[in-house]
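Take a look at the structure set out below.
The values are calculated or read from the model by the stated rules, or taken from the named source; none is laboratory data. Note that the structure is a prediction, hence the values are computed from the model and not measured. Positions of Cβ are generated from backbone atoms using ideal geometry, with glycine treated the same way; all protein chains shown enter the neighbour counts. Each accessible area value is taken on the protein alone, full model and side chains, heavy atoms only, with ligands, DNA and RNA left out. Shrake-Rupley method; radii C 1.70, N 1.55, O 1.52, S 1.80 Å.
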Amino acid sequence: MRFAFVLGETFSGIRRNLSMVVSVILVTFISLTFVGTAGLLQLQINQMKGYWYDRVEVAIFLCTDTSTTTSCASGPVTDGQRESIQALLDSSTAAPYIKSYEHESQEQALEIFQEQFKNSAMSGTVTAEQLPESFRVALVDPEQYEVVNELFSSMPGVEIVSDQRELLEQIFSLMNMASVIAVSVAVVMLVCAVLLIATTIRLSAFSRRRETGIMRLVGASKTMIQLPFLLEGVIAALIGALLASLTTWAIAEFFIGDWLTGQYPGTGFIAGVDALILIPLLLGVAVLLAALSSILTLRRYLKV
């Protein structure tokens, strides 16, 4: 009987303040969608780090006729210098750090360049002599790039030792920045949601002040009086959180898992199943904020 009464009072309050409740649902939905998007970005960053860092290569670029660095002041790499570099790659000194390597000639570098920039006008203006030959080195531990750099950067015939992690870190930094922006927008929207919930509870308490007064006179407990108002805010926020959870899952499943995976098959992407770990977080945030906002409002505007 008490449970049915509480539910009846709750839905009665929702009907009376339907426009405000809809506003709470929409604001909660939008704000938690931003939170979910930020969570997806972090999951994707972690996925890509695990995927790419295992495949990261160190490129040992050799001197050419067009090299301008001081290490190439003596001219292009000679056969003897190339053999010395390869001998060090095969040596026991480098063995603990190098998983494998392959030599890329200037002609091979040109083919790769033309493939990568086939839609650009400059693909036909670059010659093989303008591109450096290199050794592409896969590391046992990508964190040990500095050791490999120290081994080869000072050798005659080496122009530069390049670590692909530098480029990856720049990309991940941009993604982290986008995640921070999404969280910032979400925080602002969540504050709006809290204020709307407080306003909704306040209006509901004012519109039912007569019923509340009667319940006080007949000896209803504090919990029985306040619970319907509390549930109004929680239900509205929970509906918004469910919509945000569905949207977050849909983004991960269809946009990232299907479309992006099809566009970039060589990259590891998250899928809808990965987004499921975010759903309890979104629901928990919604319930917690709604409950706290409702409790604080009831203490101020509904004296029992």
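Pick out the one residue from 146, 150 that is part of a helix (DSSP H, G or I) and at pLDDT 85 or above.
150
Those residues that are under 13 Å from residue 29 (Cβ atoms), hydrophobic (A, V, I, L, M, F, W, C) and buried (at least 21 other Cβ atoms within 10 Å of the Cβ), I need them from the stretch 231-279; list them, please.
236, 237, 241, 244
If you check residue 181 against the conditions, is it under 14 Å from residue 61 (Cβ atoms), open to solvent by 60 Å² or more (accessible area, probe 1.4 Å) and at pLDDT 80 or above?
No, not satisfied.
Examine the stretch 191-213 for a residue that is part of a helix (DSSP H, G or I), of a type in the set (Gly, Ala, Ser) and either modelled with pLDDT of 75 or more or closer than 15 Å to residue 282 by Cβ (or both), and state whether such a residue exists.
Within the stretch 191-213, one or more residues are part of a helix (DSSP H, G or I), of a type in the set (Gly, Ala, Ser) and either modelled with pLDDT of 75 or more or closer than 15 Å to residue 282 by Cβ (or both).
Just to be sure before I move on: is residue 159 under 30 Å from residue 39 (Cα atoms) and open to solvent by 30 Å² or more (accessible area, probe 1.4 Å) in the structure I sent?
no
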